[in-house]
Structures are given as C-alpha cells and as structure tokens.
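The next block holds one structure in the form of structure tokens; read it before the comments.
Derivation of every value follows stated rules applied to the coordinates shown; laboratory data play no part. None of these values were measured; they are calculated from a predicted model. All Cβ positions, glycine included, derive from the backbone under ideal geometry; neighbour counts span all protein chains shown.
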Amino acid sequence: MTQTHTQKQPQKVLVTGATGTVGRQVVAELLARGHAVRALTREPSRASLPADVEVVRGDLTEPDGMAQALEGVTGLHLITFGDAFFTPLETGPRILELARAAGVRRVTVLHGGGETPLEDAVRADGGVDWTVLMPVEFMANALEWADGIAAADEVREPFVSRLSAMVHEGDIGAVAAVALTEEGHGGREYVITGPEVLTVGDKVAAIAAARGRDIALVELSEEEAVARWRAAGRSEEVIGFLLHVYGNTPEAGRTVTGTVEEVTGRPARSFARWAAEHADAFKA
Ligand SMILES: NC(=O)c1ccc[n+]([C@@H]2O[C@H](COP(=O)([O-])OP(=O)(O)OC[C@H]3O[C@@H](n4cnc5c(N)ncnc54)[C@H](OP(=O)(O)O)[C@@H]3O)[C@@H](O)[C@H]2O)c1
C-alpha cells in the first residue's frame, strides 16, 4: 500500500547574526519546526545558544573562512552588516559563490534599511531562491525603556504620537524559518509587521499593564532628545536617522501587512503579548 507523506523533511540551515535580536528568533523558529541549525558567530564562547545548535566560528567580513560552515546546509540566513556600527558588508558575491558551491538552495536576508551591497548581491543571484525580509520597528526596541521604567516608573521620549506597526521578533524569525525551508518564497520581499498600529503612549500603557504598575510618559522636545542621545554616546549619524524616522515615520512603518499570517499560517503576535513575555525586564 502506498503511503502519502505530508510531513515536511527536516533540513539544515546556517544562520548568521544568530546571536542577535532577530537571529536568535530565526534559530528558535527553525528548531521549533524540527530543522537542524548551524549558527555562525565571531565568538562561540559568548554565543549562549540552545544546546542542540551547532555553533561555529566565522566572520562575514572573511567569507573564505565560511566554506566549511556552509557544507551540508540547504538554507542560509544573512545579515547585511559586519560590525556593531552596522558597516555594510561588501562580501556578498563571495559568500553567495561559496553558498552555491555548497548546494545552498534558499537564502533569506534581513534588510538593513536602504540599499546595501550584500542585499544587492543576493537580489542579483539567479542560482538560489532568495527572500528579502523587511521588518518594521522591532518590539524589542522597547527594552531601551527598561532602566527608566524600573528606576523611575517613567518613559522620556520625543514624538510620542508617532505611529508604529511594530513587529514581534519571533514573527520575523517565523517568516524566515518558513522561507528558508519551504517552496514558494523565492524572489519575494516581505514587509513584516505586527497586527496593529500603536503610539508611544499605547506601548507604555501595555508595558504598565503587563508589569502591574503605572508608568508616566514625559514628552521630550527635539532638543532635549538630541542632548539625551548625545549623552548616551549615539553618533551624529544615528541621531540624524532617529530624528528623521521618528519625525517622519514612512507609511510602510505605520501600515499593517498580512505577511506573518500569509507565510506562517499564524496571526502576528501583539505588543501586549510581547510586554507580558518581557514584564520582568521592566520591574525594579
Ligand atoms: N531595531 C529595529 O527596529 C530594526 C527594524 C528593522 C530593521 N532593522 C535592521 O536589523 C538589523 C539589526 O539586527 P539585530 O538587531 O538582530 O542585530 P543585533 O542584535 O545588533 O546583532 C548583531 C549580530 O550581527 C552579528 N555580526 C556582526 N558583525 C559580524 C561579522 N563581521 N561576522 C559575523 N557576524 C557578525 C553578531 O554576531 P556575533 O557578535 O555573535 O559574531 C550578532 O549576531 C540592522 O540591519 C537593522 O537595520 C532593525
């Protein structure tokens, strides 16, 4: 008797940026779907990834050293930058050459805002099924408020009425995990958002509800915000970028898409859920 196998075959995926905010979620979502994960990091001793992940040393700025890490994987998740200052990687063509030689069939790339050489190289590659992941603001950015909330029950922010369709990092990971292991996502760019559009006040209220204590929202002027960012060591470039996106959030950043549900079959996770998961980070 012939049996029909509907279960998906486990695959092996190399995740770069695996120790980052998004990368950890890509790893978790691949494991949850029964796939094997190899994680690339510059410092394995600090990686702190789940025990069933194969952690390998590697550096995206030195692609020839990645050949071994690419052996035996069918999927590759890439980031576009090569250091803590988000310097764009120029090594995309060589990484893709090695990936094709190793038999990689699917590549996802986490969009870095604007055009980057690595993303350009991925989009130009005819030898793999590539998917560009374009998340809007991460919910995890709210962790920047943790110290102020824990210490003084307050959030000090400029542009408090700005709107954001912010996305749960787990949902970015889930979309990546599907695109890396299933057919039908090649040549696509996915704008990934949460299920609702929120103001800063909405987010603060959700965190207050999750931790069971009120939080004051203090609106800063532009000048006060710039002084604060400078004192925190942010570069003038980053400050200019923040002023621009906070003051003129692009329509895509404040418009809900159906990507998470369409790709994963599950609705996008809410900020209230994210706040409940992270409530302890906001407690003194
Ligand atoms: N925050 C937001 O709201 C937002 C929204 C949309 C898009 N984005 C984009 O998301 C990206 C940031 O992602 P993230 O927050 O997940 O990053 P992250 O938490 O800052 O993590 C950085 C990761 O990059 C890895 N890395 C850096 N340089 C490397 C190199 N030379 N070789 C190998 N690995 C290297 C690090 O690995 P090791 O240190 O372990 O080697 C680490 O895993 C940016 O492109 C940003 O533009 C952010």
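Computed quantities for the displayed model
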{"item": "Prolate/oblate/rounded call for region 161-202, Cα gyration tensor, a/c under 1.5 rounded", "result": "prolate"}
{"item": "DSSP beta bridges in region 12-135 [antiparallel fraction, %, rounded to 5]", "result": "5"}
{"item": "Around Asp153: net Lys/Arg minus Asp/Glu count, Cβ-Cβ under 13 Å", "result": "+1"}
{"item": "Acute angle (nearest 10 degrees) that the helix 92-102 long axis makes with the longest principal axis of the chain, alpha-carbon atoms", "result": "40"}
{"item": "Mean ellipticity per residue at 222 nm, deg cm²/dmol - from DSSP H runs of n ≥ 4 across the chain, formula -39500 (n - 2.57)", "result": "-10000 deg cm²/dmol"}
{"item": "Sequence of Lys283, Lys12 once ranked by neighbouring C-beta atoms within 10 Å, starting from the fewest", "result": "Lys283, Lys12"}
{"item": "Residue of Val107, Val175, Val56 that the Gaussian network model of the chain assigns the largest fluctuation, springs spanning Cα pairs under 10 Å", "result": "Val56"}
{"item": "Sorted by Cβ density within 10 Å, fewest first, the residues Val245, Val109", "result": "Val245, Val109"}
{"item": "Within-12-Å neighbourhood charge of Ala47 [Cβ basis; K, R +1; D, E -1]", "result": "+3"}
{"item": "Ellipsoid semi-axes in whole angstrom, largest first, where each is sqrt(5λ) of the Cα gyration tensor of the chain", "result": "34, 22, 18"}
{"item": "Beta bridge orientation in the chain: antiparallel %, DSSP, nearest 5", "result": "5"}
{"item": "Selected from Ile79, Gln11, Gly58, residue furthest toward positive end of dipole (the chain; charges at beta carbon)", "result": "Gln11"}
{"item": "Rounded to whole Å, sorted largest first: equivalent-ellipsoid semi-axes of region 165-264, Cα gyration tensor", "result": "31, 19, 12"}
{"item": "Tilt relative to the chain, helix 21-32 - C-alpha long axis, 0 to 90 degrees, to 10", "result": "50"}
{"item": "Projected-area average for region 1-117 over all orientations - Cα convex hull basis, square nanometres", "result": "8.6"}
{"item": "Cross-link partners of Lys8 among aspartates and glutamates (Cα-Cα below 17 Å; sequence separation of 8 or more within a chain)", "result": "Glu29, Glu182, Glu183"}
{"item": "Those lysines that a straight Cα-Cα span of less than 23 Å connects to Lys203, excepting residues fewer than 8 apart in one chain", "result": "Lys283"}
{"item": "Per-peptide average of other Cβ atoms within 10 Å, ordering 36-45, 61-70 highest first", "result": "36-45, 61-70"}
{"item": "The chain: angle of helix 200-211 to the longest principal axis, Cα-based, in degrees nearest 10", "result": "80"}
